[in-house]
Every structure is written in C-alpha cells, then in structure tokens.
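Each remark here refers to the structure printed beneath this line.
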Amino acid sequence: MNSTWNYAAERPLDVICMGRVAVDLYAEQVGVSLEDVQSFRKYLGGCAGNIAVGTARLGLRSAMLSCVGADAMGQFLKKELQKENVDIRALKETKDHLTGLVLLGIEPPQHFPLIFYRKECADMQLQKADIDTSLLSLAKSLLITGTGLSTDPMRAVSHYAVTQAKAVQTKIIFDLDYRPVLWGLTSQGDGESRYKTSDIVSDHYQAMLPYCDLIVGTEEETLIAGKSDTLPKALQTIRGFSVAPIVVKKGEHGCHIYLTEINDPLVSPCFPVEILNVLGAGDAFMSGLLRGLLRGESWAISARYANAAGAIVVTKHGCAPAMPTFNELQQFIAHYGPCHGEKYVRISHS
C-alpha cells in the first residue's frame, strides 16, 4: 500500500483548479424557507473556486482556470481570488456571458435548498485556446470537476485540458461534483437534489476516468461514476477504468480511501461537530486532502486534514470565507486529540 501520492514535487504550482467559480448568495436568516428569506450574504462560490481558495488558505500555491463575466460580479470574484493569493493568470473574462449566481437557503440540519442561475454562464465558456500547456507544465496537478462535463463545449475543453496536462505529466484530480440540475435532470429550481441516475452522465464520467490520478466524490457520486446501485459494484466498475486512488466522502462517517484493493479501504473517521451549513463541506474536504498529499503527507494524515477541514466549514455560514488556514486546521485537530479506532477523543479544556 503506497503511503504517499507521487507527483512532480519540484514544480512551483501545486494545483490548477478548473471549473465552476460563481457568486454564492447565502440566506442571512437561518432556519427560514428560501421563499421567506429577506437578505443574503455574498461570497465567492463554485466547486473549483472554493477549492482554489481552500488550498491557498492551507498554504498551497493554487491557480484558477475558469472564466468570469465582465460584469460587477465577475470583478468581485477576481478581487476575492486575488485577496486569497490565488493565481488568476488563467482566469479569462467574457463580455458576452454573465457570471453565474446561486441562491442558497440554510435550514439545518437537513434542508439546504439551492437555486442555480447559470444559463450559458461565464465559467462554462472556456475554449481550447484558453488552455496554456506551459502553465500546466508548472503545476503538480490539475483539478477538474464533473460539472465541466455537463455541456458539449465544456466537455470537449475539459478533455483537451486533461490530455494536455497528461502530456506534460501533470497529475489529474477528478472531483465528481455531481449536480443533477446542471445536467437538466431535475426541475430548474431543484438544485438541492444530489442524486439521480443517468446513463448519459455515467458514460461521460467513465470516459474521463482513464485519465485520472485521483478520484474524489460522495458515495452517491461514486455510484454515478460506477453506473451501479451499490458501492462495491460501483468501485469495481471504476477500477476497470482506472487504477487511481478513489476517495469516497461519507459525511458524518468520515471517508474511505481505496488505494488498490476495493475490499480493504483506509478508513478515516469524522470530527463530530454541530452543523450549521453543509454546503461547501466537500470543497473544504478536497482542500484539506490536497494540503496533505501535495506536501508529501501520508494518506492517513491527508484524510485527517480533509475531514477536519470539512468539519470546520459545516459550522460556519459561508464556504470560501470559512476555509481554515493550516494553523487553524492544526488547532482544530489538536482540540480533538488522537484517534482510537474510528473515533477521535475530544479534549476538554474546562
């Protein structure tokens, strides 16, 4: 069993995040239905954008490969990324498409409605000409997301970016990032649904799997990638396409990492916390995981970082602004103390 993840350690960039970067408008009234919310707080959002910020806060050198509108919301995102020390040399701008928006409600612990305003939005307008192979060659890894496969043009660009990255031996990270509404599988207002079977989506995911060096998703997303109704079958199917490590996020049950054998995962427990908002927890998880892997830590330590980062973010109102620094992450883990079996020991300071 490999203890670490292999990559070109001498490269100056740790990760290039390709995909969604949009404006999140989070309800300020917690526990109120979305239709009755009176005010919203504006944050940077989107899977790839959140991970770019999350990894940068954890001390990695991250870059954003996406597109924003020339509108005020696009300029807001550019400023936020720069403020967080994210490299934006590959962040394009379009005058013909608006920056995407998302309205988000917070009704803990189970209900977190979303409405996506993303019709032909800016971050889905990348072209093959926007892919800079010289920049890819400076990076240890390229992160792509499932949403980037949801339209024909972006799917073509995603595959092109991946093939260019592979040509310069840049590792490919696939965040399965499945939102059925963005594939046209649910009603336009149903952004909260996270799982709906679709052979088309599964086929597009499986076409990407052979290029991947790391695959990360929830249990439901893993079922989609495996085109199966049970996790063991899904994992077996994915293994037929890729030998890459598979990380399955299990929320309050931590995560399972399948390095080689699908019957013998590395199990990493969660950190029990009181949940305020689960939105963005997966992006924090990925950020923590990459902080470990891209600094040469073991899979066990990297998983601990991932679970801790996710736990921190679910206690906060927003996602990107809630991403921890590495010092904050270490302090949080120290607060819980050592792990015994599948449980951490919470340390009392009273």
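The values are calculated or read from the model by the stated rules, or taken from the named source; none is laboratory data. It should be emphasised that the depicted structure is a prediction, and the values quoted were computed from it without experimental measurement. Note that we place each Cβ from the backbone using ideal geometry, even for glycine, and neighbour counts take in every protein chain shown. Only protein heavy atoms, including side chains, enter the accessible area calculation; ligands, DNA and RNA are left aside. Shrake-Rupley method; radii C 1.70, N 1.55, O 1.52, S 1.80 Å.
Could you tell me which label, among (i) 45; (ii) 76; (iii) 49, carries the value of percent of Cα pairs over 26 Å apart calculated for this structure?
Given (i) 45; (ii) 76; (iii) 49, the calculated one carries the label (i).
In the Gaussian network model of the chain, springs joining C-alpha atoms below 10 Å, which of 63, 129, 311 carries the largest mean-square fluctuation?
Among 63, 129, 311, the largest GNM mean-square fluctuation belongs to 129.
Using a 1.4 Å probe on the protein chains only, how many percent of the accessible area of the range 37-91 belongs to carbon and sulfur?
Carbon and sulfur atoms account for 44 percent of the accessible area of the range 37-91.
Volume per residue, Å³, of the convex hull around the alpha-carbon atoms of the range 274-343?
Enclosed volume per residue, from the Cα hull, is 86 Å³.
Could you tally the net charge around residue 334, taking each other residue with its Cβ under 12 Å from the Cβ of residue 334, Lys/Arg +1 and Asp/Glu -1?
So the environment of residue 334 carries a net charge of +1.
Could you work out the helix-only [θ] at 222 nm for the chain, with each DSSP H run of four or more residues adding -39,500 (n - 2.57) and the total divided by the number of residues, to the nearest 500 deg cm²/dmol?
When only DSSP H runs of four or more count, the value is -9500 deg cm²/dmol.
Report relative contact order for the chain in percent, whole number only (criteria: Cα-Cα under 8 Å, sequence separation at least 6).
Taking the mean separation of contacting Cα pairs over the length of the chain, I get 17 percent.
Accessible area of the range 149-254 with a 1.4 Å probe: how many percent of it is carbon plus sulfur?
51
Sort the following peptides by mean Cβ neighbour count (other Cβ atoms within 10 Å, averaged over residues), highest first: 208-217, 74-83, 193-202.
In descending order of packing, they fall as 208-217, 74-83, 193-202.
Who wins for biggest fluctuation among 219, 192, 274 in a Gaussian network model of the chain, springs between alpha carbons below 10 Å?
Taking springs between Cα atoms under 10 Å, the residue moving most is 274.
Over the range 1-76, what is the relative contact order in whole percent, taking alpha-carbon pairs under 8 Å and six or more residues apart?
Worked out over the range 1-76, it gives 36 percent.
Which net charge results when you count Lys and Arg as +1 and Asp and Glu as -1 among the other residues whose beta-carbon is under 15 Å from that of residue 32?
Spelling it out: positives minus negatives among the neighbours equals -3.
What's the center-to-center distance, using Cα atoms, between the range 146-172 and the range 24-96 in Å?
Between the Cα centre of the range 146-172 and that of the range 24-96, the gap is 22 Å.
What does the net charge come to around residue 272 if you take all other residues with beta carbon closer than 12 Å to its beta carbon, with K and R at +1 and D and E at -1?
-1
Counting Lys and Arg as +1 and Asp and Glu as -1, each charge on the Cβ, what is the dipole of the range 56-132 about the Cα centre in debye, to the nearest 20?
Charge dipole, the range 56-132, about its Cα centre: 160 debye, nearest 20.
With +1 assigned to the C-beta of every Lys and Arg and -1 to the C-beta of every Asp and Glu, and no other charges, what is the dipole magnitude of the chain about the Cα centre in debye, to the nearest 20?
Once rounded to the nearest 20, the dipole reads 760 debye.
Which of the lysines could a cross-linker span from residue 83 if the Cα-Cα distance has to be under 21 Å and same-chain partners fewer than 8 positions apart are dropped?
Those lysines meeting the cut-off are 42, 92, 316.
Whole number in Å², please: accessible area per residue of the chain, 1.4 Å probe, ligands, DNA and RNA not counted.
42
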